[in-house]
Amino acid sequence: MYDYHFFDSWSGNYEKDILNSLDRYPFEKYYDVILKTLNMLKIKKDDVVLDLGCGSGSTTFLLVKEKIKTVSIDFSEEMLKKLSYTVPQAITIRHNITEKFPEDIKKYKPTKAVSTYVFHHFSDEIKIKIIKHLLSDILDNGIIAIGDVMFKNNMEFKRTRNKYIKIWDDSEYYIVYDDFAEKLKNENIFSEFEKIGECAGIISLYR
């Protein structure tokens, strides 16, 4: 898993790298994924949304534009600086989401959480640890929506990996939904899945 130094250094070229691969792995349909992930949350005007691993703020920008109170969380100081420049009204917190969330997040009374193109950095064990912590301790009967490189089953995963083998990153932990959903059920967490394009997907998570 990359540390914050990597993302600090990447902050200057992040959007450029995305634009260069909107038609293929890993950022195919990147902006569609963000919009559909937000739509899956069914956000209301009085919701408070956590943007987990907010990066330079693509998702935060859309939420704040719709006047949704948003708390943007990232462990990269440079990414948060870039976000604050683009969306000066954003509430930002520097935090590694793999660790226990600070108590002061609760003062914002968050109801929902969104994360796009972040969870592939974490093993399934860590993913579920974060999800459980959010649903049990942070969100008030809330919903989490995750958009990322994602596959319905192992056949899809293997087919896509073979197609992009020259640029495939085997250090990442992409969600294979059929397998991941079983692990979620064991933790009494319900989920719904939507496939987007060849190598992206969205899941919503709730209890």
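Checking the structure you have, find out if any residue of segment 81-103 is modelled with pLDDT under 95 and either within 15 Å of Ala145 (Cβ to Cβ) or in contact with an Asp or Glu (Cβ under 8 Å, 6 or more places away or on another chain) (or both). Checked against the condition, which is being modelled with pLDDT under 95 and either within 15 Å of Ala145 (Cβ to Cβ) or in contact with an Asp or Glu (Cβ under 8 Å, 6 or more places away or on another chain) (or both), segment 81-103 yields at least one hit.
Residue-level check: of (1) in contact with a helix residue (DSSP H, G or I) (Cβ under 7 Å, 6 or more places away or on another chain); (2) surrounded by fewer than 22 Cβ atoms within 10 Å (Cβ to Cβ), His121 misses just (1). Residues in segment 82-112 that are more than 17 Å from the chain's Cα centre (by Cα) and in contact (Cβ under 8 Å) with a residue 40 or more places away in the chain: Lys82, Ile105, Tyr108, Lys109.
Could you name every one of the strands (runs of 3 or more DSSP E) located completely within segment 12-114 that has at least 2 residues being crowded, with 21+ Cβ neighbours inside 10 Å? Write out each step before concluding.
On the way: elements: 48-52, 69-74, 91-94.
By residue number, 48-52, 69-74.
The values are calculated or read from the model by the stated rules, or taken from the named source; none is laboratory data. It should be emphasised that the depicted structure is a prediction, and the values quoted were computed from it without experimental measurement. Here Cβ is always computed from backbone atoms with ideal geometry, including for glycine, and neighbour counts include all displayed protein chains.
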